[in-house]
Amino acid sequence: MYQLIFATNNRNKVAEIQSLVGHNFEIIPLKEAGIEIDIPEPHDQLEANAEEKARTIFDMTNQNCFSEDTGLEIAALGGEPGVKSARYAGEDRDFQANIDLVLHKLNGIENRSAQFRTVICLIWEQQTYYFEGICKGQILTQMQGEKGFGYDPIFVPDGSTKSFASMTMEEKNQFSHRQKAVTQLFEFLSTL
Ligand code: IMP
């Protein structure tokens, strides 16, 4: 069994990723690794923020670890909220306020194309690797569904008529940006 520290305290993400990787890897969230910090995300690129998180944890623990950074990129908003996805409507990272702001900005706009993009930064045996997963879709005009987190209630992936928030975790995993990036990560690890 391999252990990998995952630079997050978001329980939804830990559950999502653990459900993808099965029993060969134990995903250890920061709290369980005894680390209590809120890592800053100061950069304007997902890649740079992901590396900053992984590097911070590696420097503290000297253990194999990975981080992921995800943004919702909306075409009609020039790629916003992007790296600002968590704090789009303010520093308190309020999911509902973020959704309200997106719906407000897209009010009356026909082009609803968007994509979630996940970047994973892995530090394995002191080497740094990147993996990317993209899920293309559309932004709804109103919220649909109760599950999930973040922008799930207003995002419908291409190939489905249901929002992410109307799907079970297994259904969401079939489309999910994070799933695609994590699959690449574990395909890479399985070649080591
Ligand atoms: P993070 O930097 O990976 O934590 O993601 C930043 C923000 O993007 C989160 O706070 C959520 O608002 C949003 N986000 C990330 N992944 C998802 C997802 O799978 N569904 C909906 N929103 C997401």
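The values are calculated or read from the model by the stated rules, or taken from the named source; none is laboratory data. Keep in mind it's a predicted model, so treat the numbers as computed, not measured. When we count neighbours, we look across all protein chains shown, and the Cβ atoms used for this are built from the backbone with ideal geometry, even at glycine. The protein model used for the area step is the full one, side chains on, heavy atoms only, and it has no ligands, DNA or RNA in it. Shrake-Rupley method; radii C 1.70, N 1.55, O 1.52, S 1.80 Å.
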Q: For segment 90-117, name all the residues that are within 10 Å of the ligand (Cβ to nearest atom) and open to solvent by 20 Å² or more (accessible area, probe 1.4 Å).
A: ARG93, ASP94, PHE95, ARG117
Q. Among (1) closer than 21 Å to GLU26 by Cα; (2) in contact (Cβ under 8 Å) with a residue 24 or more places away in the chain, which single condition is PHE116 missing?
A. (1)
Q: Go through CYS121, CYS135 for me and flag whichever is more than 11 Å from the ligand (Cβ to nearest atom) and within 29 Å of ILE5 (Cα to Cα).
A: CYS121
Q | Condition check for ASP158: in contact with a helix residue (DSSP H, G or I) (Cβ under 6 Å, 6 or more places away or on another chain), without any contact (Cβ under 8 Å) to a residue 40 or more places away in the chain and acidic (Asp, Glu) | A | no
Q: Report the residue count in segment 34-61 for those that are of a type in the set (Lys, Arg) and open to solvent by 20 Å² or more (accessible area, probe 1.4 Å).
A: 1
Q. Would it be correct to say that GLU51 is assigned to a helix (DSSP H, G or I) and within 15 Å of the ligand (Cβ to nearest atom)?
A. yes
(Q) List pairs: first residue in segment 36-48 and of a type outside the set (Phe, Trp, Tyr), second residue open to solvent by 90 Å² or more (accessible area, probe 1.4 Å) anywhere in the structure, Cβ distance under 9 angstrom, at least six positions apart or on different chains. (A) ILE37/MET60; ASP44/LYS84; GLU47/TYR130
Q: State all residues of segment 62-80 that are open to solvent by 10 Å² or more (accessible area, probe 1.4 Å), more than 10 Å from the ligand (Cβ to nearest atom) and either of a type in the set (Gly, Ala, Ser) or within 20 Å of the chain's Cα centre (by Cα) (or both); if no residue qualifies, say none.
A: ASN64, GLU73, ALA75, ALA76, LEU77, GLY78, GLY79, GLU80
Q: Looking only at segment 171-189, count how many residues are within 14 Å of the ligand (Cβ to nearest atom) and either of a type in the set (D, E, K, R) or out of contact with any Cys (no Cβ under 7 Å at 6 or more places or on another chain) (or both).
A: 9
Q. Assuming GLN63 fulfils every condition listed in (1) part of a helix (DSSP H, G or I); (2) closer than 19 Å to VAL14 by Cα apart from one, which condition is it?
A. (1)
Q: Would you check if GLY150 is within 14 Å of the ligand (Cβ to nearest atom), surrounded by 15 or more Cβ atoms within 10 Å (Cβ to Cβ) and in a loop (DSSP other than H, G, I, E, B)?
A: yes
